[in-house]
1. Quick one: in region B:203-228, of everything that is part of a loop (DSSP other than H, G, I, E, B) and of a type outside the set (D, E, K, R), which residue is least open to solvent (accessible area, probe 1.4 Å)?
2. Can you find even one residue in region B:146-153 that is open to solvent by 20 Å² or more (accessible area, probe 1.4 Å) and either outside the structural domain of B:Leu77 (by TED's automatic domain parsing) or not in a helix (DSSP H, G or I) (or both)?
3. Which residues, counting only those in region B:1-38, are over 27 Å from B:Thr182 (Cα atoms), hydrophobic (A, V, I, L, M, F, W, C) and within 13 Å of ligand 2 (Cβ to nearest atom)?
4. Which pairs turn up if I take residues in region B:78-91 that are facing chain A (nearest Cβ under 7 Å) and look for partners that are of a type in the set (Asp, Glu) and part of a strand (DSSP E or B) with beta carbon separation below 8 Å, at least 6 apart in sequence or on another chain?
5. Do any helices (runs of 4 or more DSSP H) entirely within region A:1-90 hold 1 or more residues that are of a type in the set (Lys, Arg) and over 24 Å from A:Ala228 (Cβ atoms), and if so, which?
6. From the list A:Ile206, A:Ile147, A:Ile151, which residue is within 14 Å of chain B (Cβ to nearest Cβ), aliphatic (A, V, I, L, M) and in contact with a Leu (Cβ under 8 Å, 6 or more places away or on another chain)?
7. For the condition touching a residue at least 40 places away in the same chain (Cβ under 8 Å) and within 14 Å of chain B (Cβ to nearest Cβ), what is the one hit in A:Leu215, A:Leu194, A:Leu259, A:Leu246?
8. Can you work out which of the residues in region A:266-291 that are more than 17 Å from the chain's Cα centre (by Cα) and more than 14 Å from chain B (Cβ to nearest Cβ) is nearest to A:Glu50 (Cα to Cα)?
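The values are calculated or read from the model by the stated rules, or taken from the named source; none is laboratory data. Remember, predicted model here, so these are calculated numbers, not experimental data. Cβ atoms come from the backbone with ideal geometry, glycine included; neighbour counts cover every protein chain shown. These accessible areas exclude ligands, DNA and RNA; they are computed on the full protein's heavy atoms, side chains included. Shrake-Rupley method; radii C 1.70, N 1.55, O 1.52, S 1.80 Å.
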Amino acid sequence: MSMAAEERSARAPWALTAPALMLFVGVLVIPLAMTVMLSFHDWGQYKGIEPVFILKNWREIATDPYYAEMFWRTFRIAILTTLLTALLGAPEAYILNRMSGRWKSFFLLVILGPLLISVVARTLGWALLFGGNNGLVNKLLMTLGVIRSPIPFMFTETGMVVALAHVMMPFMVLSVWAALQRLDPQIENAAMSLGAGPVTIIRRIIMPQIMPGVLSGAIIVFSLSASAFATPAIIGGRRLKVAATLAYDEFLNTLNWPLGAAVATLLLVALVLIVVGSNALIERRYAEVFR
Amino acid sequence: MAYLELDRVAKQFGAQTVVDDFSLAVGRGEFISFLGPSGCGKTTTLQMIAGFLDPTRGAIRLEDKDLTAIHPAKRGLGIVFQSYALFPHMTAAENVAFGLEMRNVPRNERAERVRAALAMVGLAGYEDRHPRRMSGGQQQRVALARALVIKPSVLLLDEPLSNLDAKLREEMQIELRQIQRTIGTTTILVTHDQNEAMSLSDRIVVMSQGKIEQIGTPQETYEKPASAFVSQFLGKTNDFAGTIDRTATPAQLVAGSWSAPAPAGLSGPVTVSIRPERIGFGNAGLNAKIVTRIFQGNHWLFQCESECGLAIVIRQNDGKPQPAEGEAVRLTWRPQDMSVRPRAGA
Ligand SMILES: Nc1ncnc2c1ncn2[C@@H]1O[C@H](COP(=O)(O)OP(=O)(O)OP(=O)(O)O)[C@@H](O)[C@H]1O
Ligand SMILES: [Mg+2]
């Protein structure tokens, strides 16, 4: 190959990816970089944003226990949501996978259908069922005399976890479902023929094989829950804030953009570290088996 | 006395009958093959013995005990699946040990038996490999070791060699036969490969569309096929239209310009089947012309256009000159080498 041709073929991939690359830089890298820069700017009630380089916002986040508590709450909610989706979603996917033809497609639609409905609508549904004295379920239970006061749901972490788990469930089910598709259809029969009972089959044969699916589902659910906005905003409102709703409030209510940017940046960095870290762990753990 | 007995077993899926009236008595230590085309119900029958499917009708007995009443996990049969169905998250040794663990075999004995089983299938030293990092043949051996280590009363093999290339398959066939002879486990092999069935089994069960066509030794099924299906399915065969003329004395069987004294019993239109290797070239007999001549090392394969249609002839490569393409020949065979049955649709 001549020098010129070699040069041309080296340039070709760049030329071909240029449009996508530019879009990527334009809508993701630049705003992100600006957000990071913004977090180092100063802000005052009357002077607004001052483009200087100071660590004021970061110091505030590091020293004020309010932020520590809020981030801890964010991750606590995300972890509990992840656990709940895994606990319910994995068996759900397994049962779904064992159903026969028509029922399978029907229930798959039932599980995936909610993805087509806005998160806001789905969360508002919970609010309608459990929201204070007027919530449908609360009202019914109180009328029946089962409970005396409404079940606390709105503005509670429990409520947030339940609503988030509902929203995130399809991602977990899909992820486990994909892992189940990779199972040998005869694997349960093989274990059974060797003398294993149903519990042993699930514990020793099925679980270890769908674990990568559960874990990758968990990563998706965790990162989506930790950065979720709509559900915490509706259930928690301004009383029970998480990182995403706090950043939003700083931006749009307090108008303290730099502080909001610092919160958002910290959330992003923490999430990236957690996701990349656990992904590496999972890959190492299962490398031997699932190449 | 029959060791494993299937008594008029049938299986229906909805309205479709997949296995029908399947009766078979397997002796202890016997090697049986289920042979038939795809979709004829071989796997279904095997799965009924294994207990993964319940027969719609009929009984399955092992040593005179009703097997269908026993849960599959308690039947103690060894099964090798077509896809092997190894546990991918376990090493070869862990795979083989699984059945022993389920039987609460003590740790020391377990390790010893696993080692012995892997050694028997030629996999000593592969204990710590995961299945995904083994070749198809090695995986197949692990599956075999896993099934044999529990000392099964019956070994069920569902096309275990069909994923292997031709050479490896031949090696594994020999090995399988040797292992089976050594430990004497009663074995049922499902296959659609007639060579495999013939080289491995004591008896072959030829199946077609859920029904048994013939049960017999490889030689019997090959040389005395009970039906047109069997003769077509087991090896190549020539079917010639002939007639039995009972008015002549003695009665004559005539096919084109070939004729011989008629066998007793039949009369009228018949089909004459002769294996290609039993046909010779002679001075009298069926008129034919060689269309193609193919050299296959130890033998020659001739395709001839005869009076009674296409004929295939196989001749040993014994160094003698063979007829060339386009040459006119006469096809002859000994009456005892053919089988004659009434011609269908005539
Ligand atoms: N679960 C099922 N439901 C309905 N029909 C089935 C089911 N399992 C098998 N069949 C049908 O039963 C017939 C026999 O199937 P089987 O798997 O026993 O064939 P086979 O002889 O093992 O074929 P192959 O050589 O392709 O494995 C097929 O026509 C198949 O479509
Ligand atoms: Mg089959």
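1. B:Gly210
2. Yes, because at least one residue in region B:146-153 is open to solvent by 20 Å² or more (accessible area, probe 1.4 Å) and either outside the structural domain of B:Leu77 (by TED's automatic domain parsing) or not in a helix (DSSP H, G or I) (or both).
3. B:Val18, B:Val19 - these are the residues of region B:1-38 that are over 27 Å from B:Thr182 (Cα atoms), hydrophobic (A, V, I, L, M, F, W, C) and within 13 Å of ligand 2 (Cβ to nearest atom).
4. Every condition considered, the pairs that remain are B:Ile79/B:Asp158; B:Phe81/B:Asp158.
5. Those helices (runs of 4 or more DSSP H) span A:3-24, A:56-63.
6. A:Ile206
7. Going through A:Leu215, A:Leu194, A:Leu259, A:Leu246 in turn, just one is touching a residue at least 40 places away in the same chain (Cβ under 8 Å) and within 14 Å of chain B (Cβ to nearest Cβ): A:Leu215.
8. Within region A:266-291, the match that is nearest to A:Glu50 (Cα to Cα) is A:Ala280.
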